[in-house]
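What follows is calculated from the coordinates using simple rules that are stated; it is not laboratory data. Predicted, not measured: the structure shown is a model, and the values here were computed from it. A quick note on method: Cβ atoms are made from the backbone with ideal geometry, for glycine too, and the neighbour counts reach across all protein chains shown.
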Amino acid sequence: MTSSNQVPSRAGRLWAWVPVLLLGTMFVGLGTAAYVAIDDPSFALEPNYYDKAVHWDETQLQARQSSALGLKLAVAAPLSLAADGRVDVQLRVTDQLEGAFSGAQISLEAFPNAYASRVQHVSLHESTPGVYSGHLARGVAGLWELRVVVKRGALRYGEVLRCDVVKGGAA
């Protein structure tokens, strides 16, 4: 027999919300971790990585052909970070005889190693014979990777340069 005078316990209601609280805390933690992982500027994926792997032999052939051309790329002036965040880039291109290589189209893909997802694409223009100039809109000090492609007619030359960007320079 049960008595009709029993008062329901409030302690049971409190414990019923504990699983909901635990699940809510877990979802907030997972959401925070996903946001941090997605918004990380130091993480980057190589574009077309699988395609590059499949065509590895062709890439190596192009590298050997580029090397056989005898072109040389060098940074003409030290890369410095201006007060407005801009980085001026000057590349010197010379041929096998150390003469200025003029009339080329140069495309540059540049990014800081610390923030590899911040890739900038720039076309450089010839400022003096064999010297090509342009600027990166936003930069940070540190080690940068410059992926350079030089084209003139049917000739195509590619090289990867690594150089430091230092603080200082004119605005």
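When Asp88, Asp39 are ordered from fewest to most other Cβ atoms inside 10 Å of their Cβ, what list results?
Asp39, Asp88
Please turn the phi angles of the range 80-91 into ³J(HN,Hα) values with the Karplus equation 6.51 cos²θ - 1.76 cosθ + 1.60 (θ = phi - 60°), one per residue in order, whole Hz, x for glycine and proline.
For the range 80-91, the Karplus curve yields 10, 8, 6, 4, 8, x, 7, 10, 7, 10, 10, 10 Hz.
Sorted from fewest to most neighbouring beta carbons within 10 Å, what does the list Ile38, Ile106 look like?
In increasing order of surrounding Cβ atoms, one gets Ile38, Ile106.
Mind listing the long-range amide H neighbours of Ala76? Cut-off is under 5 Å, sequence gap 5 or more, other chains count too, H placed in the peptide plane at 1.01 Å from N.
Sorted by chain and number, the residues that satisfy this are Gln90, Leu91, Arg92.
Taking the chain as a Gaussian network, where each spring joins two C-alpha atoms under 10 Å apart, which residue of Gln90, Gln105, Gln60 fluctuates the most?
Highest fluctuation among the options: Gln60.
³J(HN,Hα) across the range 137-146 via Karplus (A = 6.51, B = -1.76, C = 1.60, θ = phi - 60°), whole Hz, x for Gly/Pro?
5, 9, x, 9, 6, x, 7, 10, 10, 10
How far is helix 18-38 tilted off the main Cα axis of the chain, in degrees rounded to 10, range 0 to 90?
The angle comes out at about 0 degrees.
Which of Arg13, Arg92, Arg147 ends up with the largest GNM mean-square fluctuation for the chain, with Cα atoms connected below 10 Å?
Taking springs between Cα atoms under 10 Å, the residue moving most is Arg13.
Could you check the spin-label model distance between Asp84 and Leu155? Points 7 Å from the Cα along Cα→Cβ, value in nm.
3.4
Identify which of the listed values of volume of the Cα convex hull per residue in Å³ was calculated from the structure shown: (i) 187; (ii) 149; (iii) 130.
(i)
By how many degrees, 0 to 90 and rounded to 10, does the Cα axis of helix 56-69 deviate from the longest principal axis of the chain?
30
As a test of the formula, what do you get for the chain when each DSSP H run with n ≥ 4 contributes -39,500 (n - 2.57) and the sum is divided by the residue count, at 222 nm and rounded to the nearest 500 deg cm²/dmol?
-8500 deg cm²/dmol
What is the gain in length, in nm to one decimal, between Lys72 and Asn5 on full extension, counting 0.36 nm per residue of separation less the C-alpha to C-alpha distance?
So the extension gain works out to 14.5 nm.
When the Karplus curve 6.51 cos²θ - 1.76 cosθ + 1.60 is applied with θ = phi - 60°, which whole-Hz ³J(HN,Hα) does each residue of the range 105-111 get, with x for Gly and Pro?
Computed from phi, the couplings for the range 105-111 are 9, 10, 10, 10, 10, 10, 7 Hz.
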